[in-house]
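So the structure is just underneath, and the comments pick up after that.
The values are calculated or read from the model by the stated rules, or taken from the named source; none is laboratory data. Everything quoted here is computed from the prediction, not taken from an experiment. Note that each Cβ is placed from the backbone with ideal geometry, even for glycine, and that neighbours are counted across all protein chains shown. Protein only, heavy atoms only, side chains kept; ligands, DNA and RNA dropped before computing areas. Shrake-Rupley method; radii C 1.70, N 1.55, O 1.52, S 1.80 Å.
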Amino acid sequence: MSPDANPFAALSLIVAPAIMTNACTVLAMSTSNRLARTADRARELSREIEGPEVVADDVAARRSRDLGVAEARSLLLLRALRSVYVALTGFSIATLASLLGATFVASGQSLVTMTLESAAILAGALAVASLVYASVLLVRETRLAVASLQERAAAAQLRARRHGQA
C-alpha cells in the first residue's frame, strides 16, 4: 500500500502535533505556577527588606541576594513561558495545516497541498525549537533555585553549629 493511500499517515500528521499541543499546555501551566511562587517569594523578601525591624547585616545581605535570585528566576521563567506559548502556537498551526492538507490531497490541488505541508513542517520545527529553548531555560531556573536552597541550608547548618557550641 502506498503512503498516499494510507489513512493512518494523515492521522499521524494530525495527532502528533495535537499531542504536543497538550503537552505544551501542561508545561505552560506548570511554568506559570513556578512563576507565581517565585513572584510570591520576591514580594515576601521585599516586605522583609523594607520592613521597620532592624536586622543583622548578614541577614539583610542574604535577603538582598535571595531577592536578586528570585528576580533572575522570574525573568527566566517568563522567557520560558513565552517560548512555551510559541511552541503551543506552532503545534496548533502544524495540526491545522496537516488537517487542511489531508483534506486537499483528495482534491488533487498539489500546490495548496505542498504549501500546507511546508507550513506544517515549518510550524512544527519552530514549535520543537521553542520547546527545547523553554526546557533549557527551565533547567537554568531550577539550578538557580537549587543553588539558593543549598546556600540557605549551609547558612542554617552553620548557625546551628554556632548555637550548639555556645
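The range 104-123 and the range 57-71 have their alpha-carbon centroids 55 Å apart. In the neighborhood of residue 83, defined by Cβ-to-Cβ distances under 15 Å, what is the net charge if each Lys or Arg adds +1 and each Asp or Glu adds -1? Within the 15 Å Cβ shell, the charges total +3. The local environment of residue 45, defined by Cβ-Cβ distances under 9 Å, has a net charge of +1 under the rule Lys, Arg +1 and Asp, Glu -1.
Heavy-atom accessible surface of residue 118, to the nearest 10 Å², is about 60 Å², with a 1.4 Å probe and all protein chains retained. Restricting to DSSP loop positions (anything but H, G, I, E, B) with no more than 16 other Cβ atoms inside 10 Å of their own Cβ, which trypsin sites (Lys or Arg not before Pro) remain in the range 41-97? Within the range 41-97, no trypsin sites (Lys or Arg not before Pro) qualify (loop, at most 16 other Cβ atoms within 10 Å). Segment residue 30..residue 160, full-extension length gain: 43.3 nm, with 0.36 nm per residue of separation and the alpha-carbon distance subtracted. Taking Lys and Arg as +1 and Asp and Glu as -1, the other residues whose beta-carbon sits under 11 Å from that of residue 138 total +4. Ranking of 151, 141, 50, 71 by solvent-accessible surface, largest first: 50, 71, 151, 141 (1.4 Å probe, protein heavy atoms only, all chains present). Measuring r between the beta carbons of residue 23 and residue 142 and using R0 = 22 Å, the FRET efficiency lands at 0.75. Relative to the longest principal axis of the Cα atoms of the chain, helix 7-50 runs at roughly 20 degrees.
Relative to the longest principal axis of the Cα atoms of the chain, helix 110-165 runs at roughly 10 degrees. Comparing mean-square fluctuations of 129, 42, 106 from a GNM of the chain with C-alpha springs under 10 Å, the top value falls on 106. On a 0 to 90 degree scale, rounded to 10, what angle separates helix 57-105 from the longest Cα axis of the chain? Tilt relative to the chain: about 10 degrees.
When the chain is treated as a Gaussian network with alpha carbon springs shorter than 10 Å, the biggest mean-square fluctuation among 81, 111, 67 belongs to 111. Sorting 40, 57 by accessible area puts them as 57, 40; the probe is 1.4 Å, largest comes first, and only protein heavy atoms count.
Taking every C-alpha pair closer than 8 Å and separated by at least 6 residues, the mean separation divided by the residue count of the chain gives a relative contact order of 28 percent.
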